[in-house]
Amino acid sequence: MGNPLVILLCVGLLHQTTRAVLMDKLADQKICGDAECSYVLSMATVLDDFISPDCRFLNLRKGQVVYVYSKLIAAEGAGVFWSGSIYSERYVDQMGVIGYFPATVVKETQRFTENTVKIQTTDMDFYCD
């Protein structure tokens, strides 16, 4: 009786890990405030609503405040995307979630650092859970 339970547990654990999806890279390099992209580069206000096309992106509403953690360096002909998180007591369910959004839907309102580093993106930058 114990063996079927162990098998079900293992299958359940494997199932959880197979839900993650590796998505296409949006860029090969990004600009950050530090080597780990943990420092906030700037704060921006959302100018227009943006509906996320997939799990890499944030849904944004006009007027929200976004903390920008990195700016992807676009390949020729590609869109310019930044990554960040929403900050607002009104949108508590989205706070702490980091995702991408088009730079064209926000206006940078405050820069926190001029010292930046350019680093390579990795597959983990575009990993969906």
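Could you list, in sequence order, the residues of segment 109-124 that are out of contact with any Cys (no Cβ under 9 Å at 6 or more places or on another chain) and touching a residue at least 40 places away in the same chain (Cβ under 8 Å)?
If the condition is that a residue be out of contact with any Cys (no Cβ under 9 Å at 6 or more places or on another chain) and touching a residue at least 40 places away in the same chain (Cβ under 8 Å), then Thr109, Gln110, Arg111, Phe112, Thr113, Asn115, Gln120, Thr121, Asp123 are the ones that fit.
Among the residues of segment 67-79, which ones are at pLDDT 90 or above and open to solvent by 30 Å² or more (accessible area, probe 1.4 Å)?
Matches in segment 67-79: Tyr67, Tyr69, Lys71, Ile73.
So, of the residues in segment 13-44 that are among the basic types (Lys, Arg) and at pLDDT below 90, which turns out to be most open to solvent (accessible area, probe 1.4 Å)?
Top of the filtered list is Arg19.
Among the numbered criteria (1) among the aromatic types (Phe, Trp, Tyr); (2) modelled with pLDDT of 95 or more; (3) open to solvent by less than 20 Å² (accessible area, probe 1.4 Å), which single criterion is violated by Tyr100?
(2)
The values are calculated or read from the model by the stated rules, or taken from the named source; none is laboratory data. Because the structure is predicted, anything quoted here is derived from the model rather than measured. In this analysis, Cβ positions are derived from the backbone assuming ideal geometry, glycine residues included, and neighbour counts consider all displayed protein chains. These accessible areas exclude ligands, DNA and RNA; they are computed on the full protein's heavy atoms, side chains included. Shrake-Rupley method; radii C 1.70, N 1.55, O 1.52, S 1.80 Å.
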